[in-house]
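> Structure below; questions to follow.
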Amino acid sequence: MSSYQIKSQEEYFQVYQQSIQKPEIFWNTIAKEHFMWRKQWDNVINFDFDNAHFKWFDGAELNITENCIDRHLLTRGDKTALLFEPNDPSQPNEHITYSDLYHRVCKMANVLYDMGIEKGDRVCVYLPMIPELVVTVLACARVGAVHSVVFAGFSAVALSSRIVDSSCKMVVTSDGSFRGSKIIPLKPIVDEALKECTSVKHVLVVERTKTEIVMEPNRDFWLAPLLEKASAQFPAVVVQAEDPLFILYTSGSTGSPKGMLHTCAGYMVYAGYSFNNVFQYQEEDTFWCSADVGWITGHSYIIYGPLLNGATSLLYEGILSFPDFGRFWDIIAKHKVNQFYTAPTAIRALAKESLAFVKDKDLSTLKVIGTVGEPINEEAWHWYNNNIGKKNCPVVDTWFQTETGGILISPIPYATPTIPTYATLPLPGIQLALMDDVGNEIKGNQVEGRLCIKYPWPSMARTIWGDHKRYQETYFSSFKKMYFTGDGARRNEVGYYRITGRVDDVIIVSGHNLGTAPIEDAINEHPHIAESAVVGFPHDIKGNALYGYVILKDLKENHNLDTLRTEINALISERISPIAKLDKIQFTVGLPKTRSGKIMRRILRKIANKEGDQLGDISTLLNPQVIQEIIDNSI
Ligand code: WTA
């Protein structure tokens with residue numbers, strides 16, 4: 001068997017072949033040689049696509065935090081595990097070594113345990129990008145509890161529904177968060193959210209912004225005094241391979257957000273392996289992923305992947321434009337970052353600014369630069385490659401999903417030659433298929449289809465929390481014995497994959513997954529609105545922006561349309577998040593529907609995209625007469 005870290009294209013092809021011919025042997029070796037187990041597994045993999053049941057390393061016992069921290073103490077105790085860069089560049093950095101991290105996680109684990117958190121309990125984490133966020137996540141894992149991190153930009157309503165869905169026993173939050181020059185209150189959002197939640201017994205509060213907040217007696221506790229008293233030792237709770245590690249919510253094309261459940265052993269093995277290979281991490285490197293821990297990228301490539309490899313992972317609290325648009329490049333220069341991982345939307349936003357922000361910044365330490373979250377357009381790819389990588393660093397366009405747990409398609413730097421906008425090839429163990437609309441696999445190259453995965457991989461989500469049927473229907477019912485990603489992809493003449501975008505009603509705005517259904521539900525709550533439909537349209541920086549078509553209840557009334565637009569966006573911000581606000585709102589008398597009453601979003605997308613002259617056959621519509629009106633009034 002070859003080495004853990006793939007070093008050449010030849011080696012990649014060889015390892016890939018082994019991995020798909022004998023997956024059990026392949027994963028068995030990786031798991032055995034690179035991770036620490038309390039008990040070995042009985043079976044590497046058991047799977048049943050028909051019922052959507054997947055088990056990896058069944059029978060094994062472990063604790064992921066022993067793999068992320070304890071096993072590094074002897075050799076890397078003084079190495080920086082987490083390098084914290086605060087929002088305000090004039091504030092000091094924090095270098096948290098592996099041994100500091102060990103003590104901080106143990107203290108936090110004791111606090112959780114003393115508050116009654118036990119194996120299997122759900123803990124909601126609603127924190128800014130500060131060390132306590134990482135410490136809390138790991139402390140949950142250490143006691144065997146299930147963390148559910150909710151991005152701290154979500155509204156009280158969104159937070160509340162997530163807490164209720166997984167009946168969290170505790171929320172860990174902070175008084176507020178620093179975002180550039182702004183202070184965002186967080187604790188009041190938690191207070192609001194908890195009005196609807198009966199499961200939460202305690203709220204732990206980190207002091208960050210020193211904003212005044214209300215503490216409810218017997219429920220809310222400042223974290224610092226509890227940590228101070230806690231012991232710095234906490235023996236890791238041994239869990240089973242398939243015990244839950246975390247829940248992370250993601251938008252679906254319909255209905256409420258889906259709580260994707262990830263389990264311990266498989267997730268660990270894949271997060272560790274993929275991090276090591278995609279970023280070609282070397283012992284002395286400093287790795288920086290600019291995502292938020294509220295998303296899967298932050299889980300796998302700020303926390304678990306790097307720590308499983310004994311890496312130094314940079315955690316940045318702030319935003320890309322503060323104090324100016326040179327901040328990312330300042331951070332890279334200051335900390336001599338070797339691998340940088342960000343989103344296309346960030347690249348586009350930075351590329352729009354003057355190159356003076358990049359000039360004179362020493363980016364020479366960079367060896368690999370990556371992107372994730374949405375298709376990267378050719379212009380952004382070249383800007384990144386020319387100005388940040390200086391044509392000297394492989395650009396890794398990495399594809400994955402909340403559901404896949406780790407990166408499944410990506411170049412291996414220095415092994416896979418890159419082509420702009422192509423995520424290139426599957427990582428070892430990942431068997432891709434492109435499917436046509438009627439369920440046949442499209443073989444050969446220079447083809448396009450729906451992207452599926454035809455063999456299980458260790459870090460696949462195991463279910464949707466509380467709704468296995470929905471899991472099965474969403475991912476395993478479109479194509480027999482396959483996982484359907486919801487994305488379309490093209491395979492070029494050399495077999496490289498390019499992800500073309502979602503083929504369902506999920507829209508990716510600035511790298512955030514948004515389902516149309518909850519946005520439409522929020523709009524429809526407005527007393528004057530009868531019905532609405534939301535679609536995406538191309539946007540220079542965000543990738544996609546949202547276009548809403550709205551039908552008013554009473555057209556005769558003299559509405560102020562601009563006021564209505566403001567009210568609609570206020571409702572969306574309150575119900576979901578400001579991320580989901582509409583860029584364009586068109587009031588219309590009708591929406592194109594099929595005879596069964598389904599809104600034809602394909603047509604609305606074309607109109608929003610200014611392609612109203614290319615609608616194709618609309619004769620099967622129930623109400624083709626509305627189309628011209630919609631085109632004439634489009635924005
Ligand atoms: C999209 C983010 C093109 C895709 C890690 C996927 C991408 C969705 C890429 C998952 C990429 C992610 N190229 N599209 N390199 N990476 N996507 O769950 O549509 O927030 O299905 O996970 O992002 O978004 P999620």
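> Kindly evaluate VAL205 against the criterion of being over 22 Å from the mean Cα position of the chain (by Cα), in a loop (DSSP other than H, G, I, E, B), among the hydrophobic types (A, V, I, L, M, F, W, C) and in the same structural domain as GLY294 (by the TED database).
Considered against the rule, which asks whether it is over 22 Å from the mean Cα position of the chain (by Cα), in a loop (DSSP other than H, G, I, E, B), among the hydrophobic types (A, V, I, L, M, F, W, C) and in the same structural domain as GLY294 (by the TED database), VAL205 comes out as no.
> Residues of the stretch 59-70 being farther than 14 Å from LEU308 by Cβ and buried (at least 21 other Cβ atoms within 10 Å of the Cβ), which ones?
ALA60
> Being surrounded by fewer than 18 Cβ atoms within 10 Å (Cβ to Cβ) and in contact (Cβ under 8 Å) with a residue 60 or more places away in the chain is the filter here; which residues of the stretch 565-578 pass it?
Of everything in the stretch 565-578, those that are surrounded by fewer than 18 Cβ atoms within 10 Å (Cβ to Cβ) and in contact (Cβ under 8 Å) with a residue 60 or more places away in the chain turn out to be SER573, GLU574, PRO578.
> Which is β-branched (Val, Ile, Thr) and either touching a Gly at 6+ places or on another chain (Cβ under 7 Å) or outside the structural domain of ILE376 (by the TED database) (or both), of VAL447, VAL438, VAL506?
Answer to the selection: VAL506.
Residue-by-condition table, conditions (1) buried (at least 21 other Cβ atoms within 10 Å of the Cβ); (2) part of a loop (DSSP other than H, G, I, E, B):
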residue	(1), (2)
SER3	no, yes
GLN14	no, no
SER19	yes, no
THR29	no, no
ASP50	no, yes
PHE57	yes, no
HIS72	yes, no
ASP88	no, yes
SER99	no, no
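> Out of SER256, SER181, which single residue is within 28 Å of the chain's Cα centre (by Cα), modelled with pLDDT of 95 or more and more than 18 Å from VAL293 (Cα to Cα)?
None of the other options fit; the residue is SER181.
> Of the residues CYS289, CYS264, only one is farther than 13 Å from THR402 by Cα, within 15 Å of the chain's Cα centre (by Cα) and surrounded by 24 or more Cβ atoms within 10 Å (Cβ to Cβ); which?
Testing whether each residue is farther than 13 Å from THR402 by Cα, within 15 Å of the chain's Cα centre (by Cα) and surrounded by 24 or more Cβ atoms within 10 Å (Cβ to Cβ) leaves just CYS289.
> Sort through SER177, SER199, SER167 and tell me the only one that's among the small types (Gly, Ala, Ser) and either part of a helix (DSSP H, G or I) or surrounded by 24 or more Cβ atoms within 10 Å (Cβ to Cβ) (or both). I'd like the intermediate steps shown before the answer.
Working: SER199 fails: either part of a helix (DSSP H, G or I) or surrounded by 24 or more Cβ atoms within 10 Å (Cβ to Cβ) (or both); SER167 fails: either part of a helix (DSSP H, G or I) or surrounded by 24 or more Cβ atoms within 10 Å (Cβ to Cβ) (or both).
Within the list SER177, SER199, SER167, the selection yields SER177.
> While we're here: In the stretch 471-504, which residues are away from the ligand (no atom under 15 Å from the Cβ) and under 23 Å from THR421 (Cβ atoms)?
Hits for the stretch 471-504 are GLU493, VAL494, GLY495.
> Just give me the residues in the stretch 31-48 being in contact with a Phe, Trp or Tyr (Cβ under 8 Å, 6 or more places away or on another chain) and assigned to a loop (DSSP other than H, G, I, E, B), in sequence order.
TRP41 - this is the single residue of the stretch 31-48 that is in contact with a Phe, Trp or Tyr (Cβ under 8 Å, 6 or more places away or on another chain) and assigned to a loop (DSSP other than H, G, I, E, B).
> Name the strands (runs of 3 or more DSSP E) wholly within the stretch 218-326 that hold at least 2 residues that are more than 17 Å from VAL137 (Cβ to Cβ), assigned by the TED database to the domain that holds ASP70 and away from the ligand (no atom under 16 Å from the Cβ)? Working first, answer last.
On the way: elements: 220-222, 244-250, 258-263, 286-289, 312-316.
Filter on the stretch 218-326 gives 220-222, 286-289.
> Something else: At pLDDT below 95, within 11 Å of the ligand (Cβ to nearest atom) and out of contact with any Asp or Glu (no Cβ under 8 Å at 6 or more places or on another chain), is that true of ILE507?
Numbers: at pLDDT below 95: yes; within 11 Å of the ligand (Cβ to nearest atom): yes; out of contact with any Asp or Glu (no Cβ under 8 Å at 6 or more places or on another chain): yes.
So ILE507 fits the description; yes.
> Specify which of the listed residues (LEU582, LEU604) is part of a loop (DSSP other than H, G, I, E, B) and either modelled with pLDDT of 90 or more or under 18 Å from ARG502 (Cβ atoms) (or both).
Being part of a loop (DSSP other than H, G, I, E, B) and either modelled with pLDDT of 90 or more or under 18 Å from ARG502 (Cβ atoms) (or both) holds for just one of LEU582, LEU604, which is LEU582.
> Can you confirm whether LEU591 is surrounded by 13 or more Cβ atoms within 10 Å (Cβ to Cβ), outside the structural domain of GLY255 (by the TED database) and at pLDDT 95 or above? Walk me through it before giving the result.
Details: surrounded by 13 or more Cβ atoms within 10 Å (Cβ to Cβ): yes; outside the structural domain of GLY255 (by the TED database): yes; at pLDDT 95 or above: no.
Taking the combined requirement at face value, the residue does not satisfy it.
> Scan the stretch 319-338 for residues that are within 18 Å of ILE130 (Cβ to Cβ) and touching a strand residue (DSSP E or B) at 6+ places or on another chain (Cβ under 7 Å) and report the count.
The number of residues fulfilling the criteria is 3.
> Moving on. Can you name the strands (runs of 3 or more DSSP E) wholly within the stretch 348-462 that have at least 1 residues being within 16 Å of the ligand (Cβ to nearest atom), under 18 Å from GLN280 (Cβ atoms) and not acidic (Asp, Glu)?
Output list reads 368-372, 395-398.
> Let me confirm something: among HIS539, HIS528, HIS468, which residue is in the same structural domain as LEU564 (by the TED database) and either more than 16 Å from the ligand (Cβ to nearest atom) or under 22 Å from GLU574 (Cβ atoms) (or both)?
Criteria check complete, one pass: HIS528.
> Oh, and also: In the stretch 381-419, which residue that is small (Gly, Ala, Ser) and either in contact with a strand residue (DSSP E or B) (Cβ under 8 Å, 6 or more places away or on another chain) or not assigned by the TED database to the domain that holds ALA461 (or both) is farthest from ARG490 (Cα to Cα)?
If we take residues in the stretch 381-419 being small (Gly, Ala, Ser) and either in contact with a strand residue (DSSP E or B) (Cβ under 8 Å, 6 or more places away or on another chain) or not assigned by the TED database to the domain that holds ALA461 (or both), then GLY389 is farthest from ARG490 (Cα to Cα).
> Inspect the stretch 390-413 for any residue being farther than 30 Å from ASN338 by Cβ and touching a helix residue (DSSP H, G or I) at 6+ places or on another chain (Cβ under 6 Å) and give the result as yes or no.
no
> Only one residue in PRO344, PRO257, PRO306, PRO323 is surrounded by fewer than 24 Cβ atoms within 10 Å (Cβ to Cβ) and in contact with a Phe, Trp or Tyr (Cβ under 9 Å, 6 or more places away or on another chain), so which one is that?
That would be PRO257, the only listed residue that is surrounded by fewer than 24 Cβ atoms within 10 Å (Cβ to Cβ) and in contact with a Phe, Trp or Tyr (Cβ under 9 Å, 6 or more places away or on another chain).
> Which of the residues that make up the stretch 431-468 are without any contact (Cβ under 8 Å) to a residue 40 or more places away in the chain and within 23 Å of the chain's Cα centre (by Cα)?
CYS452, LYS454
The values are calculated or read from the model by the stated rules, or taken from the named source; none is laboratory data. In this text the structure is predicted, and so the values were computed from the model without any measurement. Cβ: placed from backbone, ideal geometry, glycine included. Neighbour counts: every protein chain shown.
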